[in-house]
Amino acid sequence: MSSELIDFFNIIFRYIHVVAAIMWIGNSLLFTWMEINLLQRDDDDNLIGYMDMLHGGGVFHLQKRKLKPDTIPKPLHWFYWQSYTTWLSGFALLVTFFFTRADTLLLDASKADLPGYAAILISVGGIFGGWFLFDLYWRSPLKNYLVTGAIVWFAIVIGYAAALDTVFNGRAVFLQVGMTLGSFMTANVFFHIIPNQKKLMKALLAGEDHDLKVGKAAKFRSLSNHYITFPVIFLMLSAHFPVLYGSGHNVLILAVIIGSLILIKRMMNIRNTFKPWLAILFGTFITATAIIVAALNTKSSDAPQLDPVALEGQKVFSQIGCNACHQGANTSIAPNLQEIFGSTRTLADGTEVVADEAYLRESILESTSKIVAGYPPTMPPYKTIISDEQADQLIAFLKEY
Ligand code: HEC
């Protein structure tokens, strides 16, 4: 596919994906919030709860009622297209943007030597195979042990991330886990939530009474969707957080983020009945931040020993996002900078230069003055972005990289 077409799809599908996801998740969070805040009244058997909401210059008087065959309102609004559109546009983006360059966007050549189609198989297999397992798992008796079941499932997800981390680059690991969990959410809607609601409507139309139990299975799937919402949103945004996905401890960081966001959502949900909710919410945030900061400052065991200035440079390299483009292997986005110092580079105009200190400084501070052959001039000039000290640290790091 031509790069112009890839750009076109990237813009169109990404935009649709974000808008649909906002509509879906916005609805979903609002419905859960209403569910939690419904008031009870005893004088009406068919009333499950009610509430009043101020919006747009008027009061919405909302009632949640049991459905009666003779009182099925018309029109009755169903909510599923936001979910399906989110998944379909996300999958289209995956195929047109990531799969067309799977070897560089998904794989990490320094971890494993695999062809691009292997990355595509792993990605698709992870999403569809993952759903198959997830569905089987929650159909089993384990669903009766919610907390244990959820903890075991959490461990499986982290194991999945660790396995992906042996072949995918850091950014792709976060993305793939996010896509897999996000796909569970849509599949829950498609295979469980909507079919159960249809079953309920069918029974009502056949003259049977509203059986609240029919919704129970669907409700469990809604609940699991609800709790993975926050982690999925984070993982979908994580391409902007190279400091996290680029860390040697990225899987640990991923585990902390998923676990703490689920706990934080739980605290938000039980705030009306659980007094210390705010303390636990902030405690979770502080603990998670502390673990992540500690992980970012701990070298992974296979990291080379660097001198203190180079070590600072290594931090700057991920903090300001150099590694978002320079990924430890030649990619279509940017050249590999490993062992760059002293090597000969070919520039776009055909000349050859030796990457000495002056070249590195110029490449970073005035990146548009010399362009490496085969690459677009997309690197921003860092002259006004970083301090002289940071430039020295980066160069010290690149000399030993
Ligand atoms: C938006 C993506 C992007 C970011 C972010 C980025 N670069 Fe680059 N970089 C490139 C591209 C593309 C090239 C090759 C084209 C060129 O020479 O400008 C390049 C080239 C270089 C080169 C010369 C490489 C060679 O093969 O001779 C160095 C050195 C370099 N970058 C260092 C850095 C450092 C340090 C940072 C962070 C401060 C950084 N880059 C951030 C995209 C990026």
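Each peptide in 270-281, 233-244 was scored by the mean count of other Cβ atoms within 10 Å over its residues; highest first, the order is 233-244, 270-281.
Kindly state, to the nearest 0.05, the FRET efficiency for Phe191 paired with Leu347, given R0 = 35 Å and r defined as their beta-carbon distance.
The formula returns an efficiency of 0.05 here.
Counting only alpha carbon atoms, the long axis of helix 388-400 and the longest principal axis of the chain meet at about 80°. Tell me the angle of helix 81-93 to the major Cα principal axis of the chain, expressed in degrees between 0 and 90 and rounded to the nearest ten. It works out to around 20 degrees.
Between helix 170-188 and the chain there is an angle of about 10 degrees, using the helix long axis and the longest principal axis of the Cα atoms. Placing +1 on the Cβ of every Lys and Arg and -1 on the Cβ of every Asp and Glu, with no other charges, gives the chain a dipole of roughly 1940 debye about its Cα centre. Residues in the stretch 124-138 carry Karplus couplings, in order, of 5, x, x, 5, 6, x, x, 5, 4, 5, 4, 5, 4, 4, 7 Hz; the curve used is 6.51 cos²θ - 1.76 cosθ + 1.60 with θ = phi - 60°, and Gly or Pro positions show x. When each of the peptides 133-141, 387-395 is scored by the mean number of other C-beta atoms lying within 10 Å of its residues, the order from highest to lowest reads 387-395, 133-141.
A Förster radius of 41 Å combined with the Cβ-Cβ distance from Asn27 to Lys383 puts the calculated FRET efficiency at roughly 0.35. For the stretch 332-347, 3J(HN,Hα) computed residue by residue from phi via the Karplus equation (6.51, -1.76, 1.60; θ = phi - 60°) reads 6, 8, 7, x, 6, 9, 5, 6, 6, 4, x, 7, 9, 10, 9, 9 Hz, glycine and proline entered as x.
Phi angles of the stretch 5-21 translate, via the Karplus equation with coefficients 6.51, -1.76, 1.60 and θ = phi - 60°, into HN-Hα couplings of 5, 4, 4, 4, 4, 4, 5, 5, 5, 5, 5, 4, 4, 5, 5, 4, 5 Hz per residue; Gly and Pro are given as x.
For the stretch 164-295, what does the alpha-carbon gyration tensor say about shape, rounded, prolate or oblate, given a ≥ b ≥ c as the root eigenvalues, a/c under 1.5 as rounded, and a/b over b/c as prolate?
Because a/c hits 1.5 or more and a/b fails to exceed b/c, the stretch 164-295 counts as oblate.
Each reported figure results from applying straightforward, stated rules to the coordinates on display, with no laboratory input. Nothing here was measured: the structure is a model prediction, and the numbers come from that model. Virtual Cβ from ideal backbone geometry, glycine too; neighbours counted across all protein chains shown.
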